[in-house]
Amino acid sequence: YKHGENEDMFKKGSKTWKKLKKLAKYSSLLAIMGAVVLLCTDGYVKKKAGGAISSEEAVVDAEQKADAILVLGAQVKPDGKPCLMLKERLDTGIRLYQEGAADRIIMSGDHGSDDYDEVNTMKSYAISHGVPSECIFMDHAGFSTYDSMYRAKEIFQAKSLVVVTQEYHMYRALYDAMAFGLDVQGVPCDTAVYKGDTYRKSREILARMKDVGFTLVKPKPALLGDTISLKGSGDVTNDKAL
């Protein structure tokens, strides 16, 4: 009896082992396929958008000026000051404005709560560096890169943009803008090594794949609203005294 019982247990164990091996095989195959899709999508986005990355000089010297310079938001410190990444973006955007790349700036960032406000920090910084308030528009609902591009077209009615962000982020920003039919050029603002750079660049590969899906489906952002003309005053976007 014991011999038969042991034999049955051996057979059951053998079947379980075979199932586990089969599962591991399929899991490995799926993981490899997922990695291939991810890397191919990443390469596609970079190839599609890479040609629109330009230099400050080329953008400033262009005969056809853009409707606006779009500065994408980043973290604001608890003391209300822009983090290094955001400061780099703002300095580049302000310089492009001063050199005549466009006569309007859109500050697009996260202002989803009263106690966290990227866009007013961005506008105040630009004003303190000599940009007239009326030339600066705030996009309070730029909660993501995709939202910023969607709203640049639908809310601000932009047809052409100079986009300012770090190079690792620029490919996705330009890709999203192109998906909405915007004529875009990107000016990277990398002049420093940022903390968490390796992690941020790795995460961006996943974000590019996500936005490829978003631009295929084109879901509406969390918030839209009435259109705002870039030909008017940016002060219509003010929600507090600056």
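The values are calculated or read from the model by the stated rules, or taken from the named source; none is laboratory data. All of these numbers come straight from a predicted model, not from anything done at the bench. Reconstructed Cβ throughout: ideal geometry from the backbone, glycine too, with neighbour counts over all protein chains shown. Each accessible area value is taken on the protein alone, full model and side chains, heavy atoms only, with ligands, DNA and RNA left out. Shrake-Rupley method; radii C 1.70, N 1.55, O 1.52, S 1.80 Å.
Computed values, structure above
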{"quantity": "One residue from 113, 124 being at pLDDT 95 or above and closer than 17 Å to residue 74 by Cα", "calculated": "124"}
{"quantity": "Residue check, residue 75 surrounded by fewer than 20 Cβ atoms within 10 Å (Cβ to Cβ) and either closer than 14 Å to residue 165 by Cβ or free of Cβ contacts under 8 Å to residues at least 40 places away in the same chain (or both)", "calculated": "yes"}
{"quantity": "Matching residues in segment 97-138 - criterion: being among the aromatic types (Phe, Trp, Tyr) and either open to solvent by 20 Å² or more (accessible area, probe 1.4 Å) or without any contact (Cβ under 8 Å) to a residue 60 or more places away in the chain (or both)", "calculated": "97, 116, 125"}
{"quantity": "Contacts under 7 angstrom Cβ, first residue in segment 205-227 being polar (S, T, N, Q), partner open to solvent by less than 90 Å² (accessible area, probe 1.4 Å), 6 or more apart", "calculated": "215/176; 215/179; 227/155"}
{"quantity": "Answer from 212, 217, 193 - the residue that is surrounded by 14 or more Cβ atoms within 10 Å (Cβ to Cβ), modelled with pLDDT under 95 and more than 25 Å from residue 120 (Cβ to Cβ)", "calculated": "212"}
{"quantity": "Residue in segment 154-171 that is open to solvent by 30 Å² or more (accessible area, probe 1.4 Å), in a helix (DSSP H, G or I) and more than 24 Å from residue 212 (Cα to Cα) present", "calculated": "no"}
{"quantity": "Scope segment 43-68; condition part of a loop (DSSP other than H, G, I, E, B), of a type outside the set (A, V, I, L, M, F, W, C) and in contact with an Asp or Glu (Cβ under 8 Å, 6 or more places away or on another chain); matching residues", "calculated": "65"}
{"quantity": "Of all residues making up segment 227-242, the number that are under 23 Å from the mean Cα position of the chain (by Cα) and of a type outside the set (Ser, Thr, Tyr)", "calculated": "3"}
{"quantity": "Residue that is nearest to the chain's Cα centre (by Cα) [pool: residues in segment 146-163 that are farther than 18 Å from residue 64 by Cα and of a type outside the set (D, E, K, R)]", "calculated": "146"}
{"quantity": "Out of 121, 145, sole residue that is within 17 Å of residue 235 (Cα to Cα) and touching a strand residue (DSSP E or B) at 6+ places or on another chain (Cβ under 7 Å)", "calculated": "121"}
{"quantity": "Identity of the residue in segment 36-61, among the small types (Gly, Ala, Ser) and either touching a Cys at 6+ places or on another chain (Cβ under 9 Å) or modelled with pLDDT under 90 (or both), that ends up surrounded by the fewest Cβ atoms within 10 Å (Cβ to Cβ)", "calculated": "43"}
